[in-house]
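Enquirer: Before I ask anything, here is the structure I am working with.
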Amino acid sequence: MAGGQPEREDKVSLEITEEILQSMEVGMTFRDYSGRISSMDFHKTSNYLVTASDDESIRLYDVANATCLKTINSKKYGVDLVSFTSHPTTVIYSSKNGWDESLRLLSLHDNKYLRYFKGHRDRVVSLSLCSRKEYFLSGSLDRSVLLWDQRADKCQGLLRVQGRPATAIDEQGLVFAIAFGGYIRMFDARNYEKGPFEIFSVGGDLSDANIVKFSNDGRLMLLTTTDGHIHVLDSFRGTLLSTYNVQPVSSSSTLEASFSPEGMFVISDHSIMRMQFCVLLFGPDDKLRFYRASFYL
């Protein structure tokens, strides 16, 4: 990690199948946290993982070698959400102290703040970055979504919403989504001032949105809500393909879910001790099929 650059390693390709998922076991457990892990993010092109915890720490891991590379404390501001930028040792994170809702661009290499992003007046509940673009989105309980450029202190755009927002940017950085109030609104990143070009319904689920995400190939989207629903949609047509029901979450928790790299699986952790897998299999009838597999930590 000298000079902040990750070591290059040969990549090994592995096709993910149902059998491989069901055979997975825990390889390493890190127990050095004294609080709940509130957020985590994998870097797109390196072996790094970053986590944020209620113990006010940010930790950087090398997942290939199962080692913790660095721990940085944020005692003054707290930390809630954290995401990598395109650089593997630079992150943006949100505060959790209740009095300063600024976002911070932090170098993990030398523990130095590179920029502050000030604009929200309440807790930031959604943070979305694109590895191919310099802009990012933040959504807050102040019912606003702000569009930022990592190279500028001031926000580049403001969108008002009527509820708790969840945001996502597609892999190309051309389209972004904002979910709230039972709908997902799709925006052209170059013409977002004109409003959404599509609005997708999620089957009457009006509970607060938790997260919204695109699959890597952009074909699918998922939305989780506080009522314990994971909705999977066709991101081009807006068709609701299926809904996976799990346990509702409290207002202080998040129902997390994510696509596997090739978009064939959704992984969701809806309890502290158990990882639940649901498989998305597309058959000739273009229907989505689910199964469950679990292991205990």
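The values are calculated or read from the model by the stated rules, or taken from the named source; none is laboratory data. The structure displayed is predicted, hence computed values, not measured ones. All Cβ positions, even for glycine, are placed from backbone atoms using ideal geometry, and neighbour counts span all protein chains on display. Quick note on the areas: whole protein, heavy atoms, side chains included, nothing else; ligands and nucleic acids left out. Shrake-Rupley method; radii C 1.70, N 1.55, O 1.52, S 1.80 Å.
Enquirer: Under the condition of being outside any strand (DSSP E or B), touching a Leu at 6+ places or on another chain (Cβ under 9 Å) and open to solvent by less than 40 Å² (accessible area, probe 1.4 Å), which residue from the stretch 228-243 is farthest from F259 (Cα to Cα)?
Expert: The qualifying residue farthest from F259 (Cα to Cα) is G228.
Enquirer: List the pairs whose first member sits in the stretch 77-95 and is among the charged types (D, E, K, R), whose second member is open to solvent by 10 Å² or more (accessible area, probe 1.4 Å), and whose Cβ atoms are under 8 Å apart, counting only residues at least 6 apart or on separate chains?
Expert: Sorted first by the residue in the stretch 77-95, then by its partner, the pairs are D80/S38; D80/S39; D80/K96; D80/R123.
Enquirer: Enumerate the pairs (first residue in the stretch 144-160 and among the β-branched types (V, I, T); second residue anywhere and part of a strand (DSSP E or B) and surrounded by fewer than 18 Cβ atoms within 10 Å (Cβ to Cβ)) with beta-carbon separation below 9 Å, excluding pairs fewer than 6 apart on the same chain, so at least 6 apart or on different chains.
Expert: Listed pairs, sorted by first residue: V145/G157; V145/L158; V145/R160.
Enquirer: If you go through the stretch 46-61 one residue at a time, do you hit one that is assigned to a strand (DSSP E or B), under 18 Å from T167 (Cβ atoms) and open to solvent by 20 Å² or more (accessible area, probe 1.4 Å)? Before you say what the answer is, go through the steps one by one.
Expert: Going residue by residue through the stretch 46-61, those that are assigned to a strand (DSSP E or B) are 48-53, 57-61.
Retained after the next criterion (residues that are under 18 Å from T167 (Cβ atoms)): 52.
Still in the list and also open to solvent by 20 Å² or more (accessible area, probe 1.4 Å): none.
Looking through the stretch 46-61, none of the residues is assigned to a strand (DSSP E or B), under 18 Å from T167 (Cβ atoms) and open to solvent by 20 Å² or more (accessible area, probe 1.4 Å).
Enquirer: A further question follows. Report, by residue number, each residue of the stretch 102-114 that is under 21 Å from F176 (Cβ atoms) and over 16 Å from the mean Cα position of the chain (by Cα).
Expert: L105
Enquirer: If you scan the stretch 86-139, which residues turn out to be closer than 19 Å to L159 by Cα and β-branched (V, I, T)?
Expert: Hits for the stretch 86-139 are V124, V125.
Enquirer: Tell me yes or no: at least one residue of the stretch 15-38 is at pLDDT below 95, open to solvent by less than 30 Å² (accessible area, probe 1.4 Å), in contact with a strand residue (DSSP E or B) (Cβ under 7 Å, 6 or more places away or on another chain) and among the aliphatic types (A, V, I, L, M).
Expert: Yes.
Enquirer: List the pairs whose first member sits in the stretch 212-227 and is part of a loop (DSSP other than H, G, I, E, B) and modelled with pLDDT under 95, whose second member is surrounded by fewer than 22 Cβ atoms within 10 Å (Cβ to Cβ) and of a type in the set (S, T, N, Q), and whose Cβ atoms are under 6 Å apart, counting only residues at least 6 apart or on separate chains?
Expert: Listed by first residue and then by second, the contacts come to T226/S207; D227/S207.
Enquirer: Checking the structure you have, find out if any residue of the stretch 189-208 is assigned to a loop (DSSP other than H, G, I, E, B), touching a strand residue (DSSP E or B) at 6+ places or on another chain (Cβ under 9 Å) and closer than 19 Å to I92 by Cα.
Expert: no
Enquirer: Can you give me the ranges of the strands (runs of 3 or more DSSP E) entirely in the stretch 62-144 with at least 1 residues that are of a type in the set (A, V, I, L, M) and open to solvent by less than 50 Å² (accessible area, probe 1.4 Å)?
Expert: The qualifying strands (runs of 3 or more DSSP E) are 67-73, 82-84, 90-94, 103-107, 124-129, 135-140.
Enquirer: Looking at F200, F187, F180, F176, which one is under 15 Å from the mean Cα position of the chain (by Cα), surrounded by 18 or more Cβ atoms within 10 Å (Cβ to Cβ) and among the aromatic types (F, W, Y)?
Expert: Values: F200 fails: under 15 Å from the mean Cα position of the chain (by Cα); F187 fails: under 15 Å from the mean Cα position of the chain (by Cα); F180 fails: under 15 Å from the mean Cα position of the chain (by Cα).
Result: F176 is the single residue among F200, F187, F180, F176 that is under 15 Å from the mean Cα position of the chain (by Cα), surrounded by 18 or more Cβ atoms within 10 Å (Cβ to Cβ) and among the aromatic types (F, W, Y).
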